[in-house]
1. Can you tell me which of (1) surrounded by fewer than 18 Cβ atoms within 10 Å (Cβ to Cβ); (2) more than 19 Å from the chain's Cα centre (by Cα); (3) closer than 26 Å to residue 95 by Cα; (4) not aliphatic (A, V, I, L, M) is the one residue 186 doesn't meet?
2. Check residue 81 against each of (1) among the aliphatic types (A, V, I, L, M); (2) assigned to a helix (DSSP H, G or I); (3) closer than 29 Å to residue 193 by Cα and name the one condition it does not meet.
3. Going through segment 96-148 one residue at a time, which ones are acidic (Asp, Glu) and either in contact with a Lys or Arg (Cβ under 9 Å, 6 or more places away or on another chain) or surrounded by 18 or more Cβ atoms within 10 Å (Cβ to Cβ) (or both)?
4. Could you pull out the residue among 11, 32 that is touching a residue at least 24 places away in the same chain (Cβ under 8 Å), over 20 Å from residue 180 (Cα atoms) and either aromatic (Phe, Trp, Tyr) or assigned to a loop (DSSP other than H, G, I, E, B) (or both)?
5. Only one residue in 73, 40, 51 is over 30 Å from residue 221 (Cα atoms) and not aliphatic (A, V, I, L, M), so which one is that?
6. Scan 190, 141 and give me the residue that is more than 27 Å from residue 6 (Cα to Cα), assigned to a strand (DSSP E or B) and at pLDDT 95 or above.
7. Being among the aromatic types (Phe, Trp, Tyr) and in a helix (DSSP H, G or I) is the filter; apply it to segment 193-225 and report the residue that is nearest to residue 137 (Cα to Cα).
8. Output the qualifying pairs, or none if there are none: Cβ atoms under 9 angstrom, residues six or more apart or on different chains, first residue in segment 127-142 and farther than 23 Å from residue 81 by Cβ and touching a residue at least 40 places away in the same chain (Cβ under 8 Å), second residue assigned to a strand (DSSP E or B) and of a type in the set (D, E, K, R).
Amino acid sequence: MARANNLPGFYVVIDGIIGCGKSAQRKQLEHYLPLNFPKNEIVFTYEPGGNPEADEIRQRLKHEKMSAEEEMNLFAKSRSITLPQIVKPALELGKIVVSDRSVTTSLAYQAFGREIGIEKVWQANEKAVNGILPDVIVYMNVGRDVCFKRSGGENPDKFDSEDVAFWDRTIKGYDEMLKFVKRISPNTHNLIIYDPEGKLSIEETRLKVKEQLYPIIKHHYNDKS
């Protein structure tokens, strides 16, 4: 199988707006992936953050007021720490890496939600990404109103207080992001879990992810064996 990058491992990114259920699905993968791929080492991470240095940036991004460009650059700075220290070494060793968010988030949130533009956001992140693009993007496409009801619980951050217009732009941005990543990384697979009314349970969603994702991972490692 053709690879999105030239490293032997397999890079999965789960993404979507707040409240879409991506973190719940990452937890499902943490439980079930090792059972289904017992011969593979699996690394789970997240962006922004992933280690103490990047986690400090994460807290700033979640709670500090800043300009759109400052936000864009801080996301890129966190990425410049996480990718070379966590993701790339694991991929070099042939491991499966599952990340809750990646540059894909910036290409939706900052490019469209903050109205910076996708080319400018990519330019700010391209050096940090350094060719490490997802083999699979699992996009949790859940309706905005459903996501609003789920998000902003006990520890709301600044994104939870954004207005409807921001989220409408960001949701549109995810569609554009998927097209953009496909253009710069033709071998990236886009898996869309479409649940506009939020009717799917965590288990039903897990099975949809499994149905689409697991065969691609198996194919990748079978090609290498």
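1. (2)
2. (3)
3. Passing the criteria: 100, 115, 135.
4. Just one listed residue meets the conditions, 32.
5. Step by step, each of 73, 40, 51 is checked, and only 73 is over 30 Å from residue 221 (Cα atoms) and not aliphatic (A, V, I, L, M).
6. 141
7. 214
8. 138/15; 139/15; 140/15; 140/195; 141/195; 142/195
The values are calculated or read from the model by the stated rules, or taken from the named source; none is laboratory data. Please read these numbers as outputs of a predicted model, since none were measured by experiment. Using ideal geometry, Cβ is built from the backbone for each residue, glycine included, and neighbour counts are taken over all protein chains shown.
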